[in-house]
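Contents: one structure, followed by commentary.
The values are calculated or read from the model by the stated rules, or taken from the named source; none is laboratory data. Predicted, not measured: the structure shown is a model, and the values here were computed from it. Reconstructed Cβ throughout: ideal geometry from the backbone, glycine too, with neighbour counts over all protein chains shown. All accessible areas refer to the heavy atoms of the entire protein, side chains included, with ligands and DNA or RNA removed. Shrake-Rupley method; radii C 1.70, N 1.55, O 1.52, S 1.80 Å.
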Amino acid sequence: MEIEAAGKNEITLKGNIRSIRDYLNIKEAVSRMVENGAGRIDVKAPESCTITSSVIEFLTKVILQDKVKITFYVGNCGLYGLLEELELIDTLNVVRAA
């Protein structure tokens, strides 16, 4: 997975989110945005069909503890379905991306 940053409050995750390294890279990028005062962050995952529990936990922490509004744009129907099954659509503000 690769991270592309676009502006101070948007990142695009290219490839599948599946490893500890992916989690650490996402955590670093999002934490930097939070430290720089981002009140909202758009996370785009147009390709990924997976997501690790550590990434879910981290994004939930950013939303609930840091009070940052995250919109998680998902391009893969399978990943959307998984997040829906886990009842995370509202928590992570998941949006289907075309």
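Of the residues making up the range 1-50, just one is of a type in the set (Lys, Arg), assigned to a loop (DSSP other than H, G, I, E, B) and either in contact (Cβ under 8 Å) with a residue 60 or more places away in the chain or more than 19 Å from Leu79 (Cα to Cα) (or both), namely Lys8. Under 9 Å between Cβ atoms, which residue pairs at least 6 apart in sequence (or on different chains) link something in the range 75-93 that is more than 21 Å from Ile41 (Cα to Cα) with a partner that is of a type in the set (A, V, I, L, M)? Note: pairs meeting the criteria are Leu82/Ile51; Leu82/Leu88; Leu86/Ile56. On the stretch given as the range 1-36, residues that are basic (Lys, Arg) and buried (at least 16 other Cβ atoms within 10 Å of the Cβ) total 1.
Considering (1) surrounded by fewer than 13 Cβ atoms within 10 Å (Cβ to Cβ); (2) in contact with a Phe, Trp or Tyr (Cβ under 9 Å, 6 or more places away or on another chain), the lone condition that Gly39 does not fulfil carries the number (2). All of Thr71, Thr60, Thr91, Thr50 fail the test of being within 24 Å of Arg32 (Cα to Cα) and open to solvent by less than 20 Å² (accessible area, probe 1.4 Å), apart from Thr71.
Looking across the range 74-88 at every residue that is open to solvent by 70 Å² or more (accessible area, probe 1.4 Å) and not in a helix (DSSP H, G or I), the one that is farthest from Cys49 (Cα to Cα) is identified as Glu87.
Filtered by the rule that a residue be within 13 Å of Glu2 (Cα to Cα) and over 10 Å from the mean Cα position of the chain (by Cα), the range 29-64 gives Ala29, Pro46, Glu47, Ser48. Annotation: Asn93 fulfils all but one of (1) at positive phi; (2) more than 13 Å from the chain's Cα centre (by Cα); the unmet one is (2). If you go through the range 52-70 and keep only what is closer than 16 Å to Ile17 by Cβ and not aromatic (Phe, Trp, Tyr), you end up with Thr52, Ser53, Ser54, Val55, Ile56, Glu57, Leu59, Thr60, Val62, Ile70.
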